[in-house]
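What follows is one structure encoded as structure tokens, with my remarks underneath.
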Amino acid sequence: MNSALTDPVAPLDARLTTIPRPEPVLSREETEALTSRQREILDGLTSLIADGFSHLTMADLAGRLGCSLRTLYGIAPSRDLLVLAACDRNLWEIGRTARDAVGPSGASSALDGVRRYLLAATQAVNSTTPAFSADMAAMPGGQELNNAHGSYLVAVTKELLDLAVEQGEIQPVETLVVAHAMAGISNVFIQPDVIGALPGTPKEASDTIVDLVLRGLTALPITPPTNMEKP
């Protein structure tokens, strides 16, 4: 069966656009009001706080970023909201890259789309450190931000799995359950009580689970639906 994502029966883009996206930390108006320098600061802030940020004040951040306090307060009224805005911006950018990875020119099938999407999306946890994980967990709004983006990840994965079932690539399964196992596991691996015990990075652990689940799905025999009606 042809399972290309360009199948007119199930246009992928139309299906994915119906999935509600996470509410951004900065509104569209607030984002549009940012100067080019403020955008650069948000983009660079994620690297600066990669090893934790609970010990850093707004003044510390301004000094390390080479900008004024006024510039930072022009983005957000507090350090925590500034960190949330920077992390959210980074997650949105990774999300756009992941979506592009499953476009018609990227993936050859719905199941290939699942793999490509999740391998790109798990880049979000590639550099997560125990210190950063602990600070995000302790900061108001930190877990909520991760959960919001994680829920979107699960929803997109479920839609791709649904398409794989419809196109006969895999046996009918509880796609929501499988999506949580594949896409929701990243949030587990970055929890403070888990990340320190991992043998590698959270991304490596997440990608291992994705590969294992995909192998299991493709190993299941695909059987046609049976007609339960008696002649």
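None of the figures in this text is laboratory data; all of them are computed from the coordinates on show. Everything numeric here is computed off the predicted structure, so don't read it as measured data. Every residue, glycine among them, receives a Cβ derived from its backbone with ideal geometry; neighbour counts consider all protein chains shown.
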Going by the structure shown, is Gln171 within 23 Å of Leu12 (Cβ to Cβ), surrounded by fewer than 19 Cβ atoms within 10 Å (Cβ to Cβ) and more than 15 Å from the chain's Cα centre (by Cα)?
yes
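Table: residues versus (1) within 19 Å of the chain's Cα centre (by Cα); (2) surrounded by fewer than 17 Cβ atoms within 10 Å (Cβ to Cβ).
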position: Ser27; (1), (2): no, yes
position: Ser36; (1), (2): no, yes
position: Ser47; (1), (2): yes, yes
position: Ala50; (1), (2): yes, yes
position: Leu61; (1), (2): no, no
One residue is enough: does the stretch 114-121 have a residue meeting the conditions over 30 Å from Thr57 (Cα atoms), surrounded by fewer than 18 Cβ atoms within 10 Å (Cβ to Cβ) and of a type in the set (Val, Ile, Thr)?
no
Looking only at the stretch 72-81, filter to residues that are part of a helix (DSSP H, G or I) and in contact (Cβ under 8 Å) with a residue 40 or more places away in the chain; which one of those is farthest from Glu29 (Cα to Cα)?
Asp80
If I ask for residues that are at negative phi and out of contact with any Gly (no Cβ under 9 Å at 6 or more places or on another chain), which ones from the stretch 140-155 would you list?
Pro140, Gly142, Gln143, Glu144, Leu145, Asn146, Asn147, Ala148, Ala155
Those residues that are within 16 Å of Leu84 (Cβ to Cβ), without any contact (Cβ under 8 Å) to a residue 24 or more places away in the chain and not in a loop (DSSP other than H, G, I, E, B), I need them from the stretch 48-71; list them, please.
Leu48, Leu61
Picking from Ala183, Ala164, which residue would you name as being within 17 Å of Val102 (Cβ to Cβ) and over 13 Å from the mean Cα position of the chain (by Cα)?
Ala164
In the stretch 62-84, residues that are closer than 13 Å to Gly44 by Cβ and not hydroxyl-bearing (Ser, Thr, Tyr) total 9
Of the residues in the stretch 130-159, those that are surrounded by 21 or more Cβ atoms within 10 Å (Cβ to Cβ), hydrophobic (A, V, I, L, M, F, W, C) and in contact (Cβ under 8 Å) with a residue 60 or more places away in the chain come to Phe132, Val156
Here, helices (runs of 4 or more DSSP H) confined to the stretch 121-221 with at least 1 residues that are of a type in the set (S, T, N, Q) are 130-138, 142-166, 175-183, 185-189, 202-219
From the list Ser127, Ser108, exactly one residue is within 17 Å of the chain's Cα centre (by Cα), among the small types (Gly, Ala, Ser) and exposed (fewer than 15 other Cβ atoms within 10 Å of the Cβ). Which is it?
Ser127
